[in-house]
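See structure below.
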Amino acid sequence: MQKRVEDYLPLTHTTFYILLALVTPLHGYGIMQKVEEMSDGEVRLGPGTLYGALSKLEKQQLIEKVNGGERRKNYVLTVLGKKVVKREYNRLKRLVVNSNAIIRNLGDGEFEQKGF
């Protein structure tokens, strides 16, 4: 039986960043750099964490290896991976939209300082 997109959700923030990084083919070190850049340094992946995640994502058929030339293994999102990352984005967006008024009413000023 094939899994539904919802069966992969929610994603951890690390997995979400990895999938976002793989909208274009990247090798391991490139993924680490892209994730750190996208997360403004909040998420820094070590090789063990990254390659463990890549192995799991490949087994789940969310990513696949593509020819990277030289000796590097490049990875890219599969069609299923694209669906999962889009669905997770929409889930997170709803979470923010639904909590927006409540957070604004907390009144500690932090919300506005972050540019939201």
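Please list the helices of the chain that count as membrane-span-like by this rule: a mean Kyte-Doolittle hydropathy of at least -0.5 together with Cα atoms stretching 20 Å or more along the helix axis, each helix being a complete DSSP H run.
On the way: long enough: 79-104 (37 Å, -0.27).
Once both thresholds are applied, what remains is 79-104.
Between the entries (1) 118; (2) 94; (3) 132, the label attached to volume of the Cα convex hull per residue in Å³ calculated for this structure is (1).
Return the calculated 222 nm mean residue ellipticity for the chain, to the nearest 500 deg cm²/dmol, obtained by summing -39500 (n - 2.57) across DSSP H runs with n ≥ 4 and dividing by the residue count. The per-residue figure over the chain is -17000 deg cm²/dmol.
Taking every C-alpha pair closer than 8 Å and separated by at least 6 residues, the mean separation divided by the residue count of the chain gives a relative contact order of 28 percent. Protection proxy ranking of 15-23, 41-49, 91-99, 59-67, by the mean of other Cβ atoms within 10 Å over each peptide's residues and highest first, is 15-23, 59-67, 41-49, 91-99. Summing Cβ point charges (Lys, Arg +1; Asp, Glu -1) relative to the Cα centre of the chain gives a dipole of roughly 600 debye.
Straight-distance candidates among the lysines for linking to residue 3, with alpha-carbon spacing under 30 Å and chain neighbours fewer than 8 residues away dropped: 34, 56, 59, 65, 73, 82, 83, 86, 93.
FYI, it's all coordinate maths here, none of it is from the lab. Because the structure is a prediction, the values reported are computed rather than measured. Ideal geometry is used to build each Cβ from the backbone, glycine not excepted, and the neighbour counts take in all protein chains shown.
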